[in-house]
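Submitted below is the structure of interest, expressed as structure tokens.
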Amino acid sequence: AGGGVYSPTATSTQAVAADASRGTLTTFDVTVENDGGVTASFVLKGTVAGGAGYRVSYRNGATDITSAVNAGTYATGPIAPGDSVTITLRVEAKRSAVLGSTVKVDLAARNGAGPFVRDVVRAKVTAT
């Protein structure tokens, strides 16, 4: 969802939703693509709303990048024009999650070299 759409807030085409049984893990693959004309690095920042009863983490392949994404300091490294990297967003609905509760996770990407174009995608998980 969201390919070719750029917005500083998640639009309906940049948002996905899923139901998750308590005690299970839901994953979302987020593609960070360089649509520009020059090689660029992108800085990622994750924001969680309503996270009680949920555990949110981020991975680049097997590498846990959660702390850096939460701090807004994770950089993708150089991405050539037309190329991309995939970040996996993992949302665990803990057994303690209240039935019907939701967590919303926004993942923002900005071009680290400028112009500072910002793009945001959202994942929403509801405990069932």
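The values are calculated or read from the model by the stated rules, or taken from the named source; none is laboratory data. Note that this is a predicted model, so its numbers are computed, not measured. Counting neighbours? That spans all protein chains shown, and the Cβs are built from the backbone with ideal geometry, glycine included. Each accessible area value is taken on the protein alone, full model and side chains, heavy atoms only, with ligands, DNA and RNA left out. Shrake-Rupley method; radii C 1.70, N 1.55, O 1.52, S 1.80 Å.
May I ask you to order 84-96, 61-73 by the average number of other C-beta atoms within 10 Å around their residues, highest value first?
Values: 84-96: 17.2, 61-73: 13.7.
Per-residue Cβ counts within 10 Å, averaged per peptide and sorted highest first, yield 84-96, 61-73.
In the range 63-128, carbon and sulfur make up what percent of the accessible area (probe 1.4 Å)? Can you show the working numbers first?
Details: 1670 of 3270 Å².
Result for the range 63-128: 51 percent of the exposed heavy-atom area is carbon or sulfur.
Per residue, how much accessible surface does the chain expose to a 1.4 Å probe? Answer in Å², no decimals. Let's see the in-between values first.
On the way: 6690 Å² over 128 residues.
With all protein chains present, the chain gives 52 Å² per residue.
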